[in-house]
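To keep things clear, I will list the structure first and then write my remarks on it.
The values are calculated or read from the model by the stated rules, or taken from the named source; none is laboratory data. Predicted model, so just to flag it, every value in this text is computed and none were measured. In this analysis, Cβ positions are derived from the backbone assuming ideal geometry, glycine residues included, and neighbour counts consider all displayed protein chains.
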Amino acid sequence: MAIYLKMQLFWIIFAFLFANILISGLFYFEVLKKIKEVSDGVDMKYGISCTFQKLTYSFSDSIPVLLISFVFGFELLAVYQVAYFSIALISGLIAALSTMYMPLLFKYKKLNYVKIIWQNLLLGLVFFVGFIVFIRIFFFTLYGNNYHESYILVKEFSFVIILMPLKSFLFNFFTAKNRNNFLIISNLMANLAALFIFYITRKSGFFVSIPLYFYLFSALVVVPLLVNYFLIASRKTDSILSEIN
């Protein structure tokens, strides 16, 4: 809204920080209501593994920027950054929302695994539809008609939003199960495989190789987690999402 009203940079930054503080505060108090048991112990090994896990995620976000700048140049990097900003924004929102049920993942040992998957996919579909409507109405209002290439790219990227709630849930699930090393290895292997595909398709052009890399990486992250998830699945107890509502 601050950008749409063409406010000064100071007020845009202020609005961004205030919104984050407000949302984080609401999430914090919501999480406090969900937690029934508090542990006094501190598991340093677990904390370190979580830190490395977050580092691999940051590394994954940086790879496309480096690839595009070296292979396609800074002009197309700017096209990518404008398109990816919208995707990253919705991804951050979904990730923040998913933290609300993290305490429940630590608490409950058995879940309605299949129901949770369908609930997350349905949620992803809702986010996808809302995102497409928003982009069609507001993209050129925010960026102008000169960003048509970014508009094409953001529409190509947008289908990955359907998997975002599921991916966030799986990350949280395996984090709660102390499977951080599995998450780190899965993420690194997905990066290597996607990089290989990018290398052999780079001559197909920016609007082919980058979306292909983007979707392949997302699939290679989610599929191994989903397979492992069902290997440890239980058919008892209600969905944790019903606990949140």
>> Which count do you get for residues in the range 172-186 that are aromatic (Phe, Trp, Tyr) and surrounded by fewer than 21 Cβ atoms within 10 Å (Cβ to Cβ)?
In response: 1
>> With the requirement that a residue be crowded, with 17+ Cβ neighbours inside 10 Å, more than 17 Å from the chain's Cα centre (by Cα) and either farther than 21 Å from LEU212 by Cβ or of a type outside the set (A, V, I, L, M) (or both), what does the range 144-171 give you?
In response: TYR147, GLU149, SER150, TYR151
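Conditions tested, residue by residue: (1) touching a helix residue (DSSP H, G or I) at 6+ places or on another chain (Cβ under 9 Å); (2) at pLDDT 90 or above; (3) of a type in the set (Phe, Trp, Tyr).
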| residue | (1), (2), (3) |
| --- | --- |
| LYS167 | yes, yes, no |
| PHE171 | yes, no, yes |
| PHE174 | yes, no, yes |
| ASN178 | yes, no, no |
| PHE182 | yes, no, yes |
| ASN187 | yes, no, no |
| ALA193 | yes, yes, no |
| ILE197 | yes, no, no |
| ARG202 | yes, no, no |
> Can you pull out the helices (runs of 4 or more DSSP H) entirely within the range 98-215 that have at least 1 residues that are in contact (Cβ under 8 Å) with a residue 40 or more places away in the chain and either closer than 30 Å to PHE72 by Cα or in contact with a Gly (Cβ under 8 Å, 6 or more places away or on another chain) (or both)?
Replying inline: 113-143, 148-157, 164-176, 180-201
> So which residues in the range 120-159 are among the polar types (S, T, N, Q) and at pLDDT 90 or above?
Replying inline: ASN120, SER150, SER158
